[in-house]
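Below you'll find the structure, written out as structure tokens, and then a few comments.
The values are calculated or read from the model by the stated rules, or taken from the named source; none is laboratory data. On a predicted model such as this, the values are computed, not experimentally measured, just so you know. So basically every Cβ, Gly included, is an ideal-geometry build from the backbone, and we count neighbours across all protein chains shown.
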Amino acid sequence: MPETSYSVLGIFETPDALMKAIPKARAAKLGEVEAYTPYPIHGIDDALGHRKSPLGGMVLVMGILGAITAFGFQYWISAIDYPIITGGKAANSWEAFIPIMFEVTVLFATFTAGLGMLFLLNKLPFFGHPVLSSKSITGITRDRYALAIEAEDESFDSAAAAQTLKDAGAIEVEILPAPDRSPFLTSNFILRALGGIFTACVVAGLAMFFLTKWFPLLAPMKYMQDQPRLNAQKASTFFKDGHGMQQPVAGTVARGFLPTATGTQEEAASLVNPLPRTKEVFAEGRKVYVNRCEVCHGSLGNGVGSLTAAYGGKPANLQSQMFREYPDGKIYWAIVNGKNAMPSHAPYLSENERWAVVHYVRALQRAQNAKDEDLKVVAP
Amino acid sequence: MKLDAATSAGDIPEGLLEPALTVGRVTPGSLDDQVLAFPETKPPKQWYFALAITLTAALIGVISIGYTFITGIGAWGNSSPVFWAFDIINFVFWVGIGHAGTLISAILFLFRKRWRNAIARFAEAMTIFAVICAVIFPLIHVGRPWLAYWLFPYPNQRALWTNFRSPLLWDVFAVNTYFSVSLMFWYLGLIPDIASMRDRTTSKLRKVIYTILAVGWRGAATHWQHYEKAYLLLAGLATGLVLSVHSVVSFDFATSVVPGWHMTIFPPYFVAGAIFAGFAMVVMVLVVVRETMELKNLITMRHLDVMNKVILSMSCIMGYSYMMEGFTAWYSMNEFLHHGFMNIVTGTYGWAGWVTISCNILIPQILWFKKARASYFWMILVAVGVTIGMWFERFVIIVISLHQDFLPSAWRIYKPTMVDFGVLLGTFGIFFTLVLLFARVLPVIATTEVKAILPDAQPSHHGDEHHA
């Protein structure tokens, strides 16, 4: 028997006996009166003076929250973030959101009802309750009805409580210690079992990590990747020339790649840059310059790029007097036709991209040779 | 019916008296000894034999699915224009089977049908197993199931979102919700029973497992109060799901324009069909359980009688639905619809149409006779018939409607392959394997709920009103 007792359990054989004992136990006012039964007993809540369960309200609130969440989520995706028209319906046609709103409402409400009941209201799982380790528990979950007088108080009079229960008709009385509130369980077995589950999770996680690391290309079904089709650059017996990739019809011109600046550089001097000087154009020009020009001409356009030393050549210093005085057309001509060691960039830069670079080169030149007036332009 | 304590039973005509829910003397203690004993005893030889059969079937299914993954969906008979065939038939079939469990556990609970308590646990378990079988099919039908998580709307590097106007996405939500809610409902019901098992068992290992699963349930009156409330709320929520899940499944068809699919009767028609097929499966399994596990005093002939009545009434609803399909085809004066309906009765697959009609409408009519409802032979015959008939009903809806739609040049006859049949057999194997395992490791009858409705289980001054 424990030194300090916190609760006394009285066992009854029938629900009637239990119900009759409840008022007597409550009248003794020795502590909280609680019943432990194998199944719910009708009317016991009133007899014990329980308040109504707040679960209904919780479920209602969470259900409404689920509906709002589902509607907001679907509306934001379908009408705002990713407005794709399907079935000819307006992007914000909300009628189609109702089925999923219903499902999410039920989902939220269910989890609130189930988990809210277990975790929030009943404070389970809790393995340290003295009733669980009492010798009466086998009866309680089988066919016995227990009434407990409980008080978490050192001054609890367990003898008086036991006598009260006996007087009320209990066939057996058991005195129990205080609940063990150490981290949620008491049994070593349970700790070991949970530890085992945790270890298994860690092992499985590590196994997955290394499996995917060592066999990264393990594809369960590769048939959709290995299709019987002709890839570019592959040989083919189908075509006469043996190439998988065929030349376009002679004279084919891609959009934006009309042959321009076909004459000499002097003839090109009269060409005018058709692009306006906008932020977008300069940004485009900068992108092309960084990708195509910078390695040789350098980020400042001074002919010192990252490749210059290794290459041993002498890329043009675009900041020099000569290039600063070049008309736009002559720079354009050099991009299209190439000059000295510089190859033609026409195959992969469209007309607009070429002209954008020209603008950007002009900007670089002006930035490196800035005058006082330029500062005034920037000043607010 | 609520009886006043003052009214003596003699005043009530015999036909109106609710018969006892159990046969013979059953006490809470004897109930535990009877039901909770199964997991503690060694299974009989027949159980292993049955398990061997179901595992073999499941293995055939696994091999068929594996073959499908290696070869691709071409291993099945699906081909233009019948892109939905066995996979969707089986999906709808299995989701439907699950509905009986939810109906028994939720709707009958709300109606305070106390007889449901003895069979609810098994029916709920069958719901969960059926939904597991059902989700296999959409998963393997996508061809690359390891990418099936793309079905969920989650932020991704492709900056794509799912299409919330697609009934197929509604299905994803509906089936997942259905599974989660069923599982929650089932587990909550199990907790007090597992607590009983925890306090009975002498095996250390079982004690640990049950202790964790029972989350420290101790039967406190305050806990029961919240528990009952939660159970009532879940029953209410699950009731909505019974009606919604198969309605959403029917939207997959009804929102399209295919003749034979595009009908407003589809949602109620599908729900009735689902309950119909589910009850047939429950009757089939319960008869076996009742006989082999010696539960005749708990699962009484009255249970089977009532369930057979449900099957009969559902059969009549199905008959009405089939007639309405014909009526719609005729009254619409739409030649495509008319052609589609004639295909069901006279087309290449006309035999499937007649299998459906005879198994679902004609054979169950035998249940009008009380003797048939009390005879294993007839009820098993009807149950097997309904299971076959409902499978063929989905075949009729899906394959017949698809194989000849608006464009005659695209018409083609669909033929399933052995792999199709292998996967179907496999899901039956998985389903019955799970049923067999469940019957051995968990209480097949909700002992707590049955205890609460036994004679003298409730204080005498509170009448016979029941809360589970």
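Applying the condition of being out of contact with any strand residue (DSSP E or B) (no Cβ under 8 Å at 6 or more places or on another chain) and more than 7 Å from chain B (Cβ to nearest Cβ) to the range A:112-131 and asking which residue is surrounded by the most Cβ atoms within 10 Å (Cβ to Cβ) yields A:T112.
Among the numbered conditions (1) at pLDDT below 90; (2) out of contact with any Pro (no Cβ under 9 Å at 6 or more places or on another chain), the only one that B:Q458 does not meet is (2).
Residues of the range B:234-257 that are in a loop (DSSP other than H, G, I, E, B) and either free of Cβ contacts under 8 Å to residues at least 60 places away in the same chain or closer than 20 Å to B:V386 by Cβ (or both): B:S256, B:V257.
Kindly check whether there is at least one residue in the range B:127-146 that is among the small types (G, A, S) and free of Cβ contacts under 8 Å to residues at least 24 places away in the same chain. Before you say what the answer is, go through the steps one by one.
First, pick out the residues of the range B:127-146 that are among the small types (G, A, S): B:130, B:134, B:143.
Now restrict to residues that are free of Cβ contacts under 8 Å to residues at least 24 places away in the same chain: none.
No - not one qualifying residue is present in the range B:127-146.
For the range B:168-191, the set of residues classified as facing chain A (nearest Cβ under 7 Å) and out of contact with any Asp or Glu (no Cβ under 9 Å at 6 or more places or on another chain) consists of B:S180, B:V181, B:M184, B:L188, listed by residue number.
Just wondering, is there one or more residues in the range A:74-82 that are within 22 Å of the chain's Cα centre (by Cα), facing chain B (nearest Cβ under 9 Å) and among the small types (G, A, S)? The answer is yes, given that some residue of the range A:74-82 is within 22 Å of the chain's Cα centre (by Cα), facing chain B (nearest Cβ under 9 Å) and among the small types (G, A, S).
Being polar (S, T, N, Q), modelled with pLDDT of 90 or more and more than 47 Å from the chain's Cα centre (by Cα), is that true of even one residue in the range A:13-33? Yes; the residues of the range A:13-33 include at least one that is polar (S, T, N, Q), modelled with pLDDT of 90 or more and more than 47 Å from the chain's Cα centre (by Cα).
Please pick out the residue among B:I388, B:I398 that is surrounded by fewer than 20 Cβ atoms within 10 Å (Cβ to Cβ) and assigned to a helix (DSSP H, G or I).
Numbers: B:I398 fails: surrounded by fewer than 20 Cβ atoms within 10 Å (Cβ to Cβ).
Exactly one of B:I388, B:I398 is surrounded by fewer than 20 Cβ atoms within 10 Å (Cβ to Cβ) and assigned to a helix (DSSP H, G or I), namely B:I388.
Here the helices (runs of 4 or more DSSP H) wholly within the range B:258-364 that include at least 1 residues being touching a residue at least 60 places away in the same chain (Cβ under 8 Å) are B:266-292, B:301-331, B:335-346.
Looking for something in the same structural domain as A:L9 (by TED's automatic domain parsing), over 16 Å from B:Y210 (Cα atoms), at pLDDT 85 or above and hydroxyl-bearing (S, T, Y) - is there at least one such residue anywhere in the range A:177-189? No, there is no match, as no residue in the range A:177-189 is in the same structural domain as A:L9 (by TED's automatic domain parsing), over 16 Å from B:Y210 (Cα atoms), at pLDDT 85 or above and hydroxyl-bearing (S, T, Y). If you go through the range B:201-224 and keep only what is surrounded by 20 or more Cβ atoms within 10 Å (Cβ to Cβ) and among the basic types (K, R), you end up with just B:R218. When each of A:E154, A:E174 is tested for being of a type in the set (D, E, K, R) and outside any strand (DSSP E or B), the lone residue that passes is A:E154. The sole residue among A:I64, A:I77, A:I84 that is in a helix (DSSP H, G or I), over 23 Å from B:A195 (Cβ atoms), modelled with pLDDT under 95 and assigned by TED's automatic domain parsing to the domain that holds A:R26 is A:I77.
The requirement of being over 26 Å from the mean Cα position of the chain (by Cα), among the hydrophobic types (A, V, I, L, M, F, W, C) and either buried (at least 20 other Cβ atoms within 10 Å of the Cβ) or outside any helix (DSSP H, G or I) (or both) is fulfilled nowhere in the range B:421-430; no residue meets it. The one condition from (1) more than 20 Å from B:M184 (Cβ to Cβ); (2) within 7 Å of chain B (Cβ to nearest Cβ) that A:S136 does not meet is (2).
For the range B:240-286, filtered to residues that are closer than 21 Å to B:L312 by Cα and more than 14 Å from the chain's Cα centre (by Cα), the residue that is nearest to the other protein chains (Cβ to nearest Cβ) is B:P267. Among the residues of the range A:34-49, just one is farther than 17 Å from A:D16 by Cβ and in contact (Cβ under 8 Å) with a residue 40 or more places away in the chain, namely A:E34.
If I go through the range A:30-60 residue by residue, how many of them are out of contact with any Ser or Thr (no Cβ under 6 Å at 6 or more places or on another chain) and not in a helix (DSSP H, G or I)?
Of the residues in that region, 18 qualify.
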